[in-house]
């Protein structure tokens with residue numbers, strides 16, 4: 001999995017006034033926690049943060065704060081309900097020796113049988129949560145839909161990848177081929193033709 005380096009500045013102020021000041025300066029208050037790391041309160045430039053939040057990709061993050069580097073994964077973000085401005089972001093520190101849990105983008109490959117018959121492909125999950133040693137983490141999870149027929153569904157439990165555990169619930173729908181009027185019409189016509 002790709003790494004992305006970010007650099008933050010320590011923030012010692014945690015009261016509301018201080019946080020507003022940080023946001024006015026175009027920065028977002030952030031925290032790193034987990035993996036026996038003492039909470040690190042810092043601020044990231046909002047443009048830097050968009051490199052993580054405004055992309056379909058997932059990254060192992062190397063965040064440098066005051067000369068110290070922390071290996072993390074992006075965990076959560078809060079947005080202002082009206083302005084959509086990023087208010088706060090959380091990062092989880094990881095231990096390179098232990099499996100890492102992270103969301104990985106799903107990439108659909110192949111041309112589905114069901115779509116060829118006039119069905120419509122519906123993609124329900126753009127990312128799945130996986131757990132794997134850091135060196136096994138993929139940039140994407142390929143899901144081949146070549147054999148996916150009309151009215152059929154692929155769920156997280158159907159997918160297997162070497163060296164990777166899928167942590168998302170087994171029943172999570174990844175994609176499905178839905179019947180359309182055109183497909184129903186074609187099926188009815190084929191059935192009628194078969195009877196003749």
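General observations
- Bridge type composition, the chain - antiparallel percent by DSSP, nearest 5: 75
- Cα gyration tensor category, rounded, prolate or oblate, for the range 12-85 with a/c compared to 1.5: oblate
- Mean residue ellipticity at 222 nm, helices only, the chain: -5000 deg cm²/dmol; runs of at least 4 DSSP H residues each add -39,500 (n - 2.57), and the sum is divided by the number of residues.
- Cα-projected label distance for residue 47 with residue 193, points at 7 Å along beta-carbon direction, nm: 6.0
- Computed over the chain with a Gaussian network model linking Cα atoms closer than 10 Å, the most mobile of 103, 144, 84 is 84.
- FRET efficiency, residue 9 to residue 136 (Cβ-Cβ, R0 22 Å, nearest 0.05): 0.10
- Chain lengthening between residue 122 and residue 178 when straightened (0.36 nm per residue, less Cα-Cα): 19.5 nm
- For the range 32-147, the share of DSSP beta bridges that are antiparallel, to the nearest 5, is 75%.
- Label corresponding to Cα extents along the principal axes in Å when calculated from the structure given, among [x] 61, 38, 35; [y] 48, 34, 30; [z] 81, 41, 22: [z]
FYI, it's all coordinate maths here, none of it is from the lab. As the structure is a prediction and not an experimental result, all values here were calculated from the model. Every residue, glycine as well, gets a Cβ built from its backbone with ideal geometry; the counts of neighbours run over all protein chains shown.
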